[in-house]
Amino acid sequence: MRIVEYSAKTAISRSGMAELDYALNPYSGCLHGCKYCYAVDFTRIADAAENWGEVVYVKTNLMYLLKAEIKSMRRGIVGISTVTDPYQPVEAKYGLSGASADLLLRSGFRVTVQTKSPLVRRDVEIYAAHRNSSDVGITITTLDDRKARIIEPHAPSPRSRGDALMYLSDSGVKTWIFLGPIIRGFNDDPDEMDAIFSMASRTGSRVIFDTYVPYRGATRLMNSSVPGFTAEKSYYMDQGWHLNLVKTVKSMAEKYGVRCNSQQEEWLEEKKSDFSALF
Ligand code: SF4
């Protein structure tokens, strides 16, 4: 594991994602090293992208830049760590995700974060205090430890994520579960997904789901580390499989009374929200 500190030119940028106005990435690269990670293809620092899971770059001047940049910015929705995990291990030392969330929320922005790490618990007061303008998503790809170790070798266990979700929800944070990526023949077992919906129901969390997208970097990592995985098997637009999956997921959402939508539907959900009171 290698950590490289550097000075960035900017802290925040316009987001290319329809559901966000801005993106802020304190780190480049991610020590969780998930094999399906699309961020490999969107990480500009070549060293971090080519050595995925082994090196992370830290923007040590992030807070200095952010304070100056937000002075003249129109308020909006900020995704913190859109191409890396905001609470990956380096956050324990640098605290940049928590500090930027705190500053942005106190300055009238809305903040959304998504993580696999129970480290997010340490910022529970920030997110609970701004419940109406922040939300925390916990990614749960599978509840099976053995499968998680294959595709998410250095990420915290599924159980610890479930515990973190419960803790956040009990503390008054608005939570959601990212169920995905769902990989055909790997983590698409209905019983397993049923247990994840049960967890969503217990914690009052919305569920956003997505299927595996075969980006080039991710497919290279999947091919070399997931037994039996082939590009053909990853074919995520298999219409029959995809239609069945959506049907199964939606019926579970109905069974548990959980709000649920696909990643593609997400921006529509966001547009329904009325954030005008925040500005
Ligand atoms: S935690 Fe997220 S950003 Fe990090 S490697 Fe896994 S999928 Fe990629």
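The values are calculated or read from the model by the stated rules, or taken from the named source; none is laboratory data. Everything numeric in this text was worked out from a predicted model, so none of it was measured. With ideal geometry, Cβ positions are generated from the backbone for all residues, glycine too; neighbour counts draw on all protein chains shown.
The table for this structure:
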quantity: Any hit, region 72-89, residues being within 12 Å of the ligand (Cβ to nearest atom) and part of a helix (DSSP H, G or I); calculated: no
quantity: All positions within region 15-25 that are modelled with pLDDT of 90 or more, surrounded by fewer than 24 Cβ atoms within 10 Å (Cβ to Cβ) and assigned to a loop (DSSP other than H, G, I, E, B); calculated: 20, 21
quantity: Leading residue by the ranking (nearest to the ligand (Cβ to nearest atom)) among those in region 1-14 that are modelled with pLDDT under 95 and over 26 Å from residue 146 (Cα atoms); calculated: 13
quantity: Qualifying positions in region 254-268 - crowded, with 16+ Cβ neighbours inside 10 Å and more than 18 Å from residue 181 (Cβ to Cβ); calculated: 256, 258
quantity: Only one of 206, 161 that is farther than 22 Å from residue 53 by Cα, among the charged types (D, E, K, R) and in contact with a strand residue (DSSP E or B) (Cβ under 6 Å, 6 or more places away or on another chain); calculated: 206
quantity: All positions within region 26-59 that are touching a strand residue (DSSP E or B) at 6+ places or on another chain (Cβ under 9 Å), part of a loop (DSSP other than H, G, I, E, B) and either at pLDDT below 95 or more than 10 Å from the ligand (Cβ to nearest atom) (or both); calculated: 26, 36, 43, 44, 45, 51, 54
quantity: Residue match in region 93-101 (condition: closer than 20 Å to residue 154 by Cβ, touching a residue at least 24 places away in the same chain (Cβ under 8 Å) and assigned to a strand (DSSP E or B)); calculated: no
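The rows are residues; the columns are (1) farther than 25 Å from residue 177 by Cβ; (2) buried (at least 16 other Cβ atoms within 10 Å of the Cβ); (3) in contact with a helix residue (DSSP H, G or I) (Cβ under 7 Å, 6 or more places away or on another chain).
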position: 35; (1), (2), (3): no, yes, yes
position: 41; (1), (2), (3): no, no, yes
position: 47; (1), (2), (3): yes, no, no
position: 86; (1), (2), (3): no, yes, yes
position: 98; (1), (2), (3): no, yes, yes
position: 119; (1), (2), (3): no, yes, yes
position: 126; (1), (2), (3): no, yes, yes
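Residue-by-condition table, conditions (1) touching a Phe, Trp or Tyr at 6+ places or on another chain (Cβ under 9 Å); (2) within 20 Å of residue 92 (Cβ to Cβ):
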{"site": "134", "(1), (2)": "yes, no"}
{"site": "149", "(1), (2)": "no, no"}
{"site": "152", "(1), (2)": "yes, yes"}
{"site": "166", "(1), (2)": "no, no"}
{"site": "193", "(1), (2)": "yes, no"}
